[in-house]
1. I need the full set of residues from region 137-169 which are in contact with a strand residue (DSSP E or B) (Cβ under 8 Å, 6 or more places away or on another chain) and of a type in the set (A, V, I, L, M, F, W, C), in order please.
2. If I ask for residues that are small (Gly, Ala, Ser) and either open to solvent by less than 20 Å² (accessible area, probe 1.4 Å) or within 19 Å of the chain's Cα centre (by Cα) (or both), which ones from region 116-143 would you list?
3. Go through (1) open to solvent by 50 Å² or more (accessible area, probe 1.4 Å); (2) β-branched (Val, Ile, Thr); (3) closer than 30 Å to Glu150 by Cβ one by one and return the number of the condition Ile87 breaks.
4. Test Pro248 against the stated conditions and say whether it is assigned to a strand (DSSP E or B), open to solvent by 50 Å² or more (accessible area, probe 1.4 Å) and either touching a residue at least 12 places away in the same chain (Cβ under 8 Å) or within 22 Å of Phe201 (Cβ to Cβ) (or both).
5. Please indicate, with yes or no, whether at least one residue in region 90-106 is open to solvent by 20 Å² or more (accessible area, probe 1.4 Å) and at pLDDT 95 or above.
6. Any residue at all in region 235-242 that's touching a Lys or Arg at 6+ places or on another chain (Cβ under 8 Å), surrounded by fewer than 17 Cβ atoms within 10 Å (Cβ to Cβ) and free of Cβ contacts under 8 Å to residues at least 12 places away in the same chain?
7. Scan the helices (runs of 4 or more DSSP H) fully inside region 129-207 and keep the ones with 3 or more residues being more than 26 Å from Gly293 (Cβ to Cβ).
8. Pairs, please: C-beta under 7 Å, at least 6 apart or cross-chain, first residue within 19 Å of His181 (Cα to Cα) and without any contact (Cβ under 8 Å) to a residue 60 or more places away in the chain and in region 251-272, second open to solvent by less than 40 Å² (accessible area, probe 1.4 Å) and among the polar types (S, T, N, Q)?
Amino acid sequence: MAYEGILLGMGNPLLDISSVVDEEFLQRYDIKLNNAILAEDKHLPMYDEMASKYNVEYIAGGATQNSIRVCQWMLQIPGATSYMGCIGKDKFGEEMKKNSKLAGVNVHYREDETAPTGTCAVCVVGGERSLIANLSAANCYKSEHLKRPENWALVEKAKYFYIAGFFLTVSPESILLVAEHAAANNKVFMMNLSAPFICEFFKDQQEKALPYMDYVFGNETEARTFAKVHGWETDNVEEIAIKISQWPKASGTHKRITVITQGADPVVVAEDGKVKSFPVILLPKEKLVDTNGAGDAFVGGFLSQLVQEKPIEECVRGGCYASHVIIQRSGCTYPEKPDFS
């Protein structure tokens, strides 16, 4: 099977500025743990403060890009994955390009002349993380870039597409172009609920894309928020997963499968009106370094098996393996080679 360019991701490329901070820092900037938000004006000084006061690491990030990098690492086949998004023409943008090429991902960034490369503050306290994204250039992605022949060629080549829900805030038009292509050509289109605020404030954009989704990923908090926004009288994750999987579809080629992670609790998979749950690999608390990227890594590991047409059990096992590796390291990083067999 030809793997070159088999998976295409689109999203918001962000340079993660990652650091262990203290409770006082969180309170001062009104940050809740285990949350993902877009930066407001009150948050803007924190990026410089983190860089000057704390020991920070810079890591190429952004939810979709993390998943694509992890999938690429699991596959160990150069160029199996491609990625599009928007960066600035600056040193952070150059850092991102260098990082992605080293990871073996075929990146086609749009480079914006005016906005700086997007950043994401990753505030870690006791191994738990909170994300505050300052999209900047990532917010400037345009569907014109996608339509350029050299970029659309990546769409034509790919058989699988993965886009985090965060991209709904930037270019819903690009998402629908790819989604419609996937439906018309029997390809697999996948998205992530990504964050409670996406389910709440980008409900319309999410609903337009939902009929095209063959796989929907998310965690238990996002699933419950999705249910609440749609007036479903339940916070039972298994019931919600089934209801999402039964949402009407644009194409009947693939049935929809919902995959919900729950931290240390089992992964819930809903298809055909039935639910299966899969235990995760438990980690002693003292080995937990940082949960940043755990969900993204799970998706990356899952996709690495899916593109090889492995059964769902193997996809979940790949996802659990990848997230298990990532949470024992700082940021969404990994050793040189996986030992997943």
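1. Ala137, Ala138, Cys140, Leu146, Leu154, Val155, Ala158, Phe161, Ile163, Ala164, Phe166, Phe167
2. Gly118, Ala121, Gly127, Ser130, Ala133, Ser136, Ala137, Ala138, Ser143
3. Failed condition: (1).
4. No: the conditions fail for Pro248.
5. Among the residues of region 90-106, at least one is open to solvent by 20 Å² or more (accessible area, probe 1.4 Å) and at pLDDT 95 or above, which makes the answer yes.
6. Within region 235-242 (the criterion being touching a Lys or Arg at 6+ places or on another chain (Cβ under 8 Å), surrounded by fewer than 17 Cβ atoms within 10 Å (Cβ to Cβ) and free of Cβ contacts under 8 Å to residues at least 12 places away in the same chain), the answer is yes, since at least one residue qualifies.
7. Working: elements: 143-147, 149-157, 172-184, 196-201.
Counting at least 3 such residues, we get 143-147, 149-157, 172-184.
8. Going by the 7 Å Cβ cut-off, the qualifying pairs are Arg256/Ser245.
The values are calculated or read from the model by the stated rules, or taken from the named source; none is laboratory data. Computed from a prediction, not measured in an experiment: that's the story for all the values here. Neighbour counts run over all protein chains shown; Cβ positions are idealised from the backbone, glycine included. The area values use the complete protein model at the heavy-atom level, side chains included, leaving out ligands, DNA and RNA. Shrake-Rupley method; radii C 1.70, N 1.55, O 1.52, S 1.80 Å.
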